[in-house]
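Heads up, the thing below is written out as structure tokens.
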Amino acid sequence: MENQTATHIFESLSSGIRLDAFRLLVKHGHAGLVAGEIGAVLDLAPNKLSFHLKALTHAGLVSVTQEGRFQRYRANLPLMLELIAYLTAECCSGKPEECLDARAASCCPDTVLPPVSSTLES
């Protein structure tokens with residue numbers, strides 16, 4: 001991932017509403033939600049929600065598919081994981097085994113953190 005791409009993603013998440021919408025879509029995984037469901041959960045008017053979903057879609061964080069009269073939104077989970085990998089790739093100068101204390105204190109699951117040498121985990 002390039003710095004400019006990561007910056008664009010963070011800019012799109014800098015709104016509390018967009019962050020809430022993205023986290024909600026992440027929670028619903030591959031099933032996603034239709035716009036009306038997102039609006040109901042977040043208590044947002046359709047025009048306000050549409051503005052924020054468009055920004056997330058433009059950043060690539062969200063995809064949308066038409067289902068009859070409805071639009072279903074889904075979080076781009078691979079892009080989210082790529083961003084996490086980008087942020088953590090150089091953790092402790094690329095030696096994640098040096099960050100074991102920080103990893104233990106983190107609520108982030110090991111599956112999304114850089115791998116640690118299996119000999120150190122034992």
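Among the helices (runs of 4 or more DSSP H) confined to region 1-57, the ones with at least 1 residues that are β-branched (V, I, T) and surrounded by fewer than 14 Cβ atoms within 10 Å (Cβ to Cβ) are located at 3-12. How many residues are modelled with pLDDT of 85 or more, of a type in the set (S, T, N, Q) and either surrounded by 15 or more Cβ atoms within 10 Å (Cβ to Cβ) or assigned to a loop (DSSP other than H, G, I, E, B) (or both) if we restrict to region 58-98? Within region 58-98, residues that are modelled with pLDDT of 85 or more, of a type in the set (S, T, N, Q) and either surrounded by 15 or more Cβ atoms within 10 Å (Cβ to Cβ) or assigned to a loop (DSSP other than H, G, I, E, B) (or both) number 3.
The values are calculated or read from the model by the stated rules, or taken from the named source; none is laboratory data. Since the structure is predicted, the reported quantities are computational estimates derived from the model, not experimental observations. Please note: Cβ atoms are built from the backbone with ideal geometry, for glycine as well, and neighbour counts cover all protein chains shown.
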